[in-house]
Amino acid sequence: MPLDCSIPDHPEIFVIGDAACALDSAGKALPGIAPVAKQQGAYVAKMICARVDGRSPPSAFRYQNRGNLATIGRKAAVADFGFMRLSGLLAWLLWSVAHVYFLIGFRNRIVVALTWLWAYVTFERGARLITGGAGADGADGPFGRP
């Protein structure tokens, strides 16, 4: 994919985020994570506005890695900012605040924060997994008996 997030031979079509195999200037694939998609979205928005306004396009897209955050359990996360690495409770609190901060809209932030707080206090699991059939003997498949 060209460094302007367009499809080769189709400069009017842009692909970003998980749908794209974007490469950095050294030819290395960018990770399929939200910060890459957010930066690509902002870049493509600038590109489209420049085209509509008849201005010259912005320079080639360059991803800026501002760090990585990952939750690895209850009260446990890792944070890597290059110059500083954290793990444990402090990283988990940072992960939580960062995720709520980047949500769109005050109401969404409040709802998510309260939902997370409730799940944390009550030990309620947020994900529901389908691990097998409904039958007690496990003979049923996900769509009923075979």
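The values are calculated or read from the model by the stated rules, or taken from the named source; none is laboratory data. Computed from a predicted model, the values in this text were never measured in an experiment. Counting neighbours? That spans all protein chains shown, and the Cβs are built from the backbone with ideal geometry, glycine included.
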Checklist entry - Is there any pair with a first residue in the stretch 107-124 that is of a type in the set (Gly, Ala, Ser) and a second that is assigned to a helix (DSSP H, G or I) whose Cβ atoms are under 9 Å apart and which are 6 or more apart or on different chains, and what are they? => result Ala113/Ser96; Ala113/Val100
Next on the checklist: Of everything in the stretch 1-36, what is in contact with a Ser or Thr (Cβ under 8 Å, 6 or more places away or on another chain), farther than 11 Å from Arg62 by Cα and not charged (D, E, K, R)? Give them in sequence order.
Outcome noted: Ile13, Phe14, Val15
Checklist entry - For the stretch 34-58, how many residues are touching a helix residue (DSSP H, G or I) at 6+ places or on another chain (Cβ under 9 Å) and under 25 Å from Leu103 (Cα atoms)? => result 6
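Okay, residues lined up against (1) surrounded by 14 or more Cβ atoms within 10 Å (Cβ to Cβ); (2) closer than 21 Å to Thr115 by Cβ; (3) at pLDDT 95 or above; (4) not assigned by TED's automatic domain parsing to the domain that holds Val111:
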| residue | (1), (2), (3), (4) |
| --- | --- |
| Ala26 | no, no, no, yes |
| Ala29 | no, no, no, yes |
| Val36 | yes, no, no, yes |
| Ala42 | no, no, yes, yes |
| Ala45 | no, no, yes, yes |
| Cys49 | no, no, yes, yes |
| Ala79 | yes, no, yes, no |
| Arg85 | no, no, yes, no |
| Ala98 | no, yes, no, no |
Item to check | Single residue of Leu90, Leu86 found to be closer than 30 Å to Arg125 by Cα and part of a helix (DSSP H, G or I) | outcome: Leu90
